[in-house]
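Beneath this line is the structure, given in structure tokens, with notes to follow.
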Amino acid sequence: MNTKRLVLISLLVLGALILSACSGSRTVSNNWHGLAADAEHAYVASGSHVYAVDLKNGNEVWRYPAEADTKLMFYANPVLTADGQLLIGSAGTAHPFVSLNPATGKENWAESFTKGKGAWLASPLVVNDTIYAPNTDGFVYILDMQGREAADPIEVGGALWSAPVTDGNLIYIASLDHHLHIIDPASGTSSVSIDLGGAAPSSPVVADGGVYVGSFASTIELIQANGSHEVIAKTENWIWGSPVLDGETLYYADLNGKVFSLNISDGSQNWEAAQSDAVVAGLLVTADQIYVVTEAGNLVALDRDGGSLWEKTVGGKLYSAPVISGELILVAPYQAEFTLVAYDAEGKQAWTFIPEK
């Protein structure tokens, strides 16, 4: 069975789990987790609950909601805002979009936003005092920081699974409808749509004058603000995770398990590093290392030349990009014994987090 089919089966299972959320039959760790962190806590969206985890010891600080509600399911990466909110929406049969206090897990807004007609699988983008929240119903909802609708939603089309990004003027959002959409926030319209030739389930990365985006067309494209675009790299298999831009170097991976480093100044490939299994999630690039997670449940640390430094068996399947906080690398596996694990830069495990029943 080829890699594409294996990954598709896994993700169809995830979709079925979302659609059957009301059954209440799943364990808390049997989810595609969302993950974010600040200096004190990791925040894990894990099906029935969002958890705050103490980064010092891996202990639970709070959970939202306090008691499981079979209508609520959380999968998106939570988003921390400059004014101290934690934003996330539900992918369950009830789909409120909520703001939580990161210290306590209590709701900030007087009322949750409930006008979205589909699931909240994508993280929102916060620009100044405006929240742009993509929904699987194909609309981007526009809210103020108190959760009130600030403008009419923008119809983009297709299922929106990934967070928008901005270059400071325009907003770019990828869709499963095979298009990269450019939104002008001043007019509140989707002014340009570029056909990528394949679904784009992950966010683009902002570049000088536009964005880079990967897709199931097995390409990386550079999309300019005016809508002009060109393929700058091709791979042998689908690109699922978001590319990472660091200076003049673009990093990305495909479902064959290959990790690539591309010099964007001249378009030349610096190196490629083959992993033992499909890479679905985005990469984590730090000052000295590149962290890769594979569908088979492995965390791999590469040096900046693509050489392997160490590899750890996390377990389960890894569909969420690693997150760094201080000296800790955080990984949230799906179908594993634990919901979250922390490693240091040398690959030593610091702690694991298993929610209490």
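The values are calculated or read from the model by the stated rules, or taken from the named source; none is laboratory data. Quantities reported herein were computed from a predicted structural model and do not represent experimental measurements. When we count neighbours, we look across all protein chains shown, and the Cβ atoms used for this are built from the backbone with ideal geometry, even at glycine. To get the accessible areas, we keep the full protein, side chains included, count just its heavy atoms, and leave off ligands, DNA and RNA. Shrake-Rupley method; radii C 1.70, N 1.55, O 1.52, S 1.80 Å.
Taking all protein chains as present, what is the carbon and sulfur share of the accessible area of the range 92-227, in % to the nearest whole number, probe 1.4 Å?
Roughly 47 percent of what the probe reaches on the range 92-227 is carbon or sulfur.
What is the ratio of the Cα radius of gyration of the range 148-240 to 2.2 N^0.38 Å, where N is its residue count, to two decimals?
Numbers: Rg = 12.7 Å, N = 93, 2.2 N^0.38 = 12.3 Å.
Output field value: 1.03.
Which listed residue (59, 264, 77) has the Cα farthest towards the positive end of the charge dipole for the chain, taking +1 on Lys and Arg C-beta and -1 on Asp and Glu C-beta about the Cα centre?
Farthest towards the positive pole: 59.
At 1.4 Å probe radius, can you tell me the per residue accessible area of the range 207-289 in Å²?
Details: 3160 Å² over 83 residues.
Accessible area per residue: 38 Å².
Would you mind telling me the share, in percent, of accessible area of the range 27-86 contributed by carbon and sulfur at probe 1.4 angstrom?
48
Quote the accessible area belonging to residue 196 in square angstrom, nearest 10, computed with a 1.4 Å probe and with ligands, DNA and RNA left uncounted.
So the heavy atoms of residue 196 present about 10 Å² to solvent.
Enumerate the amide H contacts of residue 189 below 5 Å, restricted to partners 5 or more residues apart or on another chain; note that Pro and chain-start residues carry no placed amide H.
For residue 189, whose amide H was placed from the backbone, the distant partners under 5 Å are 184.
Which longest run of the chain has no exposed loop site in it, a site being GluC sites (Glu not before Pro) in a DSSP loop with at most 13 other beta carbons within 10 Å, and the site itself not part of the run?
112-235
Output wanted: per-residue J couplings in Hz (rounded whole) for the range 184-197, from phi through Karplus 6.51 cos²θ - 1.76 cosθ + 1.60, θ = phi - 60°, x for Gly and Pro.
9, x, 5, 9, x, 10, 8, 7, 9, 10, 10, 6, 8, x
Just need the Rg to Rh number for the range 62-206, please, alpha carbons only, Kirkwood Rh.
That ratio is 0.96, to two decimals.
Taking 22 Å as R0, compute the FRET efficiency from the Cβ-Cβ separation of residue 346 and residue 40 and round it to 0.05.
Efficiency computed from Cβ-Cβ geometry: 0.45.
Using every Cα-Cα pair within the chain, state what percent have a distance larger than 36 Å.
On the way: 9269 of 63546 pairs.
Cα-Cα pairs in the chain separated by more than 36 Å: 15 percent.
Which FRET efficiency value, to the nearest 0.05, do you get for residue 305 and residue 230 by plugging their Cβ-Cβ distance into 1/(1 + (r/R0)^6) with R0 = 22 Å?
For residue 305 and residue 230, the calculated efficiency is 0.20.
Provide the per-residue ³J(HN,Hα) series for the range 92-109, in order, calculated from phi with Karplus coefficients 6.51, -1.76, 1.60 and θ = phi - 60°, each as a whole number of Hz, with x at glycine and proline positions.
Values, residue by residue: x, 5, 9, 9, x, 9, 10, 10, 10, 7, x, 7, 10, x, 7, 5, 8, 7 Hz.
What size of dipole, in debye to the nearest 20, comes out for the range 251-331 about its Cα centre when the only charges are +1 on Lys and Arg C-beta atoms and -1 on Asp and Glu C-beta atoms?
Numbers: 4 positive and 10 negative charges, 43 e Å.
Dipole magnitude for the range 251-331 comes out near 200 debye.
Can you work out ³J(HN,Hα) from phi for every residue in the range 327-339, in order, using Karplus 6.51 cos²θ - 1.76 cosθ + 1.60 and θ = phi - 60°, giving whole Hz and x for Gly and Pro?
3J(HN,Hα) across the range 327-339, in whole Hz: 9, 9, 9, 9, 10, 10, x, 9, 6, 10, 6, 10, 8.
At 1.4 Å probe radius, can you tell me the per residue accessible area of the range 137-202 in Å²?
For the range 137-202, the per-residue accessible area is 37 Å².
Run the quick spin-label model on residue 268 and residue 101: label points 7 Å from Cα toward the beta carbon, then report their separation in nm to one decimal.
About 5.6 nm, to one decimal.
Return the calculated 222 nm mean residue ellipticity for the chain, to the nearest 500 deg cm²/dmol, obtained by summing -39500 (n - 2.57) across DSSP H runs with n ≥ 4 and dividing by the residue count. Mind showing how you got there, number by number?
On the way: 1 runs with 17 residues, N = 357.
Mean residue ellipticity, 222 nm, calculated: -1500 deg cm²/dmol.
Give the lysines reachable from residue 117 as a straight Cα distance under 26 Å; neighbours fewer than 8 places away on the same chain don't count.
Partners within reach: 71, 106.
If the cut-off is 18 Å between C-alpha atoms, which lysines fall inside it for residue 317, apart from same-chain ones fewer than 8 positions away?
The qualifying lysines are 4, 258.
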